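Scroll down for the structure; my scribbles are underneath it.
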Amino acid sequence: MAEYQDRASKAVRFEEFLRRLGAAPPASDFNAAYRQLCEILNAVEDEMTDIPFDPENWQNDGRMYPPQFDNVRPVPGRDDVRQLRSKGHRTLIADNGAIEIRDLSGQTVFARPGSDGRSVQETT
């Protein structure tokens with residue numbers, strides 16, 4: 001297996017991902033929000049690491065990958081919100097395109113409303 005070097009730490013890359021996601025225009029639905037999240041995270045990783053995109057090697061290569069669609073779970077009592085589980089976070093995306101990212105302790109580390117101005121917590 002090839003050895004790759006991070007040009008920036010995961011913490012720095014994650015902060016850059018959150019910055020870019022926050023600067024992007026709000027999404028109008030779940031699919032647009034999910035696509036935006038994936039595109040932005042992959043762009044950050046492509047630009048800030050030498051680690052090639054290889055989802056099969058996600059546990060070992062040091063690259064951050066977007067939550068996979070097979071990890072979409074319903075949120076109890078919220079038919080309008082789906083949860084995507086990744087290694088270190090839970091990402092909630094509402095039908096209106098609102099995004100909320102929480103660490104595994106439940107602390108919100110990022111929140112952005114959908115294009116209608118409503119947050120994950122405000123949608124129903």
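Considering region 80-96, and only residues there that are touching a Pro at 6+ places or on another chain (Cβ under 6 Å) and not aliphatic (A, V, I, L, M), the residue that is modelled with the lowest pLDDT turns out to be Ser86. Once region 70-79 is narrowed to residues that are within 24 Å of Glu122 (Cα to Cα) and not in a loop (DSSP other than H, G, I, E, B), the residue that is modelled with the lowest pLDDT is Asn71.
Cβ separations smaller than 7 Å between residues 6+ apart or across chains give the following pairs from region 104-124 residues that are free of Cβ contacts under 8 Å to residues at least 24 places away in the same chain to residues that are loosely packed, with under 13 Cβ neighbours inside 10 Å: Leu104/Gly88. For region 81-116, a residue qualifies if it is exposed (fewer than 15 other Cβ atoms within 10 Å of the Cβ) and at positive phi, and exactly one does: Gly106. Note on region 42-64: residues that are closer than 11 Å to Ala8 by Cβ and part of a helix (DSSP H, G or I) amount to 4.
The values are calculated or read from the model by the stated rules, or taken from the named source; none is laboratory data. In this text the structure is predicted, and so the values were computed from the model without any measurement. FYI the Cβ positions are ideal-geometry reconstructions off the backbone, even for glycines, and counts take in every protein chain you see.
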